[in-house]
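Every number here is computed from the coordinates shown, using simple stated rules; none is lab data. Small disclaimer: the values here were computed from a predicted structure and weren't measured.
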Amino acid sequence: MVKNNGATIPFEKSGGKIKDYIDWMAVKKKINNDGDLPIRYHEKEIWLCSVGENVGFEEDGKGTSFVRPVLILKIYSSMFCHIIPLSTVNKCGKYYYNFNYTKDKQSVALLSQLRPIDTRRLKRKVGAISDADYNKIRESLRILLEL
């Protein structure tokens, strides 16, 4: 339990890390009220995204803006898309897809973490994935989700 302005607020423990929901809520409020839509974004691009402080084993962002790189998988409008969070920790299995989007940048698409977002969470473009890797990720998701 943590005191915040006189109120006692529980923090969830997950994986040995105390979750910082209070700071995330302030960032989330700012994104919702003041966030700008990205000028242009496209499928196959990699963006830094404020994914937040999440529950349990859902992938969290890092730093004061709670960001992590994500792959833009599917665009529905200028304000809504599906993303896949990325990691630099090498993982294997049907829930992961390993790729490089630059010569020295090993990344892992966390396929089971596929989620929709409001595009006000997108901060800046940091790269793009090849057509071949994008198509393999889509096929891996079809198999994983049994579509």
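Compactness check for the range 72-147: Cα Rg over 2.2 N^0.38 Å is 1.09.
For a 20 Å ceiling on Cα separation, which of these pairs sit above it: Lys74/Lys103; Lys94/Lys136; Lys62/Lys123; Lys29/Lys123? Those over the limit are Lys74/Lys103. Close amide H partners of Ala128, meaning residues 5 or more places away or on another chain with modelled amide H under 5 Å apart, are Ile46.
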